[in-house]
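Encoded as structure tokens, the structure appears first; notes follow it.
The values are calculated or read from the model by the stated rules, or taken from the named source; none is laboratory data. Not measured: the values here are computed from a predicted model. We place every Cβ from the backbone using ideal geometry, glycine too, and count neighbours over all the protein chains shown. To get the accessible areas, we keep the full protein, side chains included, count just its heavy atoms, and leave off ligands, DNA and RNA. Shrake-Rupley method; radii C 1.70, N 1.55, O 1.52, S 1.80 Å.
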Amino acid sequence: MTTTATAVAHPNIALIKYWGKRDEAVQLPATGSLSLTLGIAPTTTTVSLIDDPSVTADLGTLNGQEMVGKDLSRVQKFLDLVRERAGSTSFAEVTSTNEIPTGAGLASSASGFGALALAAAKAYGLDYAPEQLSALARRGSGSACRSIFGGLVEWLPGDDDASSHAVALPDSGLDLSLVVAVLAPGRKKIDSRAAMRRTVETSPFFPAWVEQVPHDIEDMKAAIAAADFTAVGELAEANAMRMHATMLGALPPVRYWNPDSVAALDLVATLRDEGTECYATMDAGPNVKVLCRSGDAETIADRLRAEFEDIDVLVSGSGPGAYLV
Ligand code: 2P0
């Protein structure tokens with residue numbers, strides 16, 4: 001049996017968002033979602049089984065720093081599940097490097113648990129098909145199930161642990177890029193898990209969100225199949241705004257936006273008026289991501305850099321699914 005394995009996974013950005021669970025214990029989402037896997041900022045994770053009975057827990061480092069607290073316990077809980085399935089009692093050492101600011105609403109948990117799921121499955125000897133790996137990654141972090149696949153990906157909500165996984169969508173020739181304006185790279189004020197729970201429990205808009213998303217997914221799949229960039233962009237922006245409207249309805253409200261977020265949304269509208277067709281999306285943080293045709297990405301990145309001095313602006317095309325190295 002292999003006892004060490006290294007995997008790479010990339011972040012993904014949802015064009016139709018996942019926001020809210022219907023079963024927290026096994027991480028079943030309230031709705032499906034649909035995303036683009038990026039080609040930048042991967043997480044690389046090595047899982048090595050520890051052959052030393054004096055070690056009584058999993059150990060981990062993230063970007064060279066020892067994992068502690070909530071980050072470590074999420075990894076340990078995930079490895080408990082892998083061990084249970086593999087019939088193993090070995091603890092593991094997890095070494096992870098992440099090229100994106102952790103916890104800044106840039107999907108670091110998606111690439112993180114995507115890479116961890118693949119490396120851990122391999123190290124513990126689980127022979128999983130991609131859909132099974134995707135369902136496994138979901139147990140670590142919902143959005144991670146989408147990072148198992150490359151390009152445009154749909155997460156099927158499913159109705160139990162095995163059926164809630166992602167699938168790759170056929171490439172219809174849309175040449176999409178995403179320009180990420182990192183307006184605030186720090187850890188977010190409220191993590192998405194807690195914010196989702198609060199939204200589910202207190203936002204009067206949440207039932208309408210759950211009713212709307214399946215329509216948004218169907219419309220988005222039709223727009224993708226027709227390679228209709230305008231329809232894809234308009235829907236992605238509308239769906240992101242609907243998600244934020246839903247969380248603004250929570251008690252207390254969940255508001256991730258800052259003044260620069262609003263300024264960036266205005267800039268996207270201005271670029272569109274000027275003839276550079278692009279659309280905004282936002283996740284659980286103040287950063288604004290701009291969806292565009294690949295040929296326009298550098299123009300948009302330059303405008304964001306000119307508008308917001310000293311920020312990082314990342315440009316990404318479509319990226320690959322998780323793979324072993
Ligand atoms: C998404 N987000 O679809 C949405 C949009 C953030 C906003 O998936 O609790 O870190 O681990 O399942 O996957 C972030 O949620 O949450 C997320 P858990 P996750 O990309």
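Counting every Cα pair in region 190-325, what percent are over 22 Å apart? Write out the running numbers ahead of the final one.
Values: 4318 of 9180 pairs.
I get 47 percent for the Cα pairs in region 190-325 exceeding 22 Å.
Taking every DSSP beta bridge that has both residues in the chain, what percent is antiparallel when rounded to the nearest 5? If you can, show how the numbers build up before the last one.
Working: 49 of 53 bridges.
Approximately 90 percent, going by the DSSP bridge assignments.
From the backbone phi of region 237-249, what are the Karplus-calculated ³J(HN,Hα) couplings (6.51 cos²θ - 1.76 cosθ + 1.60, θ = phi - 60°) in whole Hz, Gly and Pro given as x?
Each residue of region 237-249 in turn: 5, 4, 5, 5, 5, 5, 4, 5, 4, 5, 6, 5, x Hz.
What's the magnitude of the charge dipole for region 154-251 around its Cα centre, counting Lys and Arg as +1 and Asp and Glu as -1 at the beta-carbon? Answer in Debye, nearest 20.
Working: 8 positive and 15 negative charges, 158 e Å.
Value, rounded to 20: 760 debye.
Distance in nm between label sites at Thr202 and Asp312, each 7 Å beyond Cα in the beta-carbon direction?
3.2 nm
Please say if region 1-61 is rounded, prolate or oblate, where rounded means a/c under 1.5 for a ≥ b ≥ c the square roots of the C-alpha gyration tensor eigenvalues, and otherwise the choice is prolate for a/b larger than b/c and oblate otherwise? Numbers along the way, then the final one.
Values: a/c = 3.50, a/b = 1.67, b/c = 2.10.
Oblate, because a/c is 1.5 or more while a/b does not exceed b/c.
From the Cα trace of the chain, what convex hull volume per residue do you get, rounded to a whole Å³? Show your work: numbers first, answer last.
Details: hull volume 40.4 nm³, N = 325.
It comes to 124 Å³ per residue, whole-number rounded.
Report the one residue of Gly275, Ala245, Phe206 whose Cα lies farthest in the direction of the positive end of the charge dipole of the chain (charges on C-beta: Lys and Arg +1, Asp and Glu -1; origin at the Cα centre).
Phe206
Any idea how far the Cα center of region 109-136 sits from the one of region 159-204, in Å?
19 Å
What are the ³J(HN,Hα) values, in whole Hz, obtained from phi via the Karplus relation 6.51 cos²θ - 1.76 cosθ + 1.60 with θ = phi - 60°, for each residue of region 229-234 in sequence order, with x given for Gly and Pro?
4, 4, 5, 4, x, 4
Starting from the Kirkwood radius over alpha-carbon pairs of region 86-216, derive D by Stokes-Einstein at 20 °C in a medium of 1.002 mPa s and give it in µm² s⁻¹.
Numbers: Rh = 16.9 Å.
Rounded to a whole number, D works out at 127 µm²/s.
Treating cross-link reach as a plain straight distance, find the lysines whose alpha-carbon is under 17 Å from the alpha-carbon of Lys289, omitting any fewer than eight places away in the same chain.
By straight Cα distance, Lys289 reaches Lys17, Lys188.
For every helix of n ≥ 4 consecutive DSSP H residues, a contribution of -39,500 (n - 2.57) applies; sum these over the chain, divide by its total residues, and give [θ] at 222 nm rounded to the nearest 500 deg cm²/dmol. Walk me through the numbers on the way to the answer.
On the way: 8 runs with 122 residues, N = 325.
Result for the chain: -12500 deg cm²/dmol, rounded to the nearest 500.
Which distance in Å, rounded to a whole number, links the C-alpha centroids of region 47-96 and region 265-314?
39 Å
Taking each pair of distinct Cα atoms in region 1-145 once, what is the resulting Kirkwood hydrodynamic radius in Å?
On the way: mean 1/r = 0.0654 Å⁻¹.
Mean inverse Cα-Cα distance, inverted, gives 15.3 Å.
Between Asp160 and Ala238, what is the label-point separation in nm under the 7 Å Cα-to-beta-carbon projection?
3.6 nm
At a 1.4 Å probe, what is the % contribution of carbon and sulfur to the accessible area of the chain? Walk me through the intermediate numbers first.
Values: 6960 of 13450 Å².
The C+S portion of the solvent-accessible surface of the chain is 52 percent.
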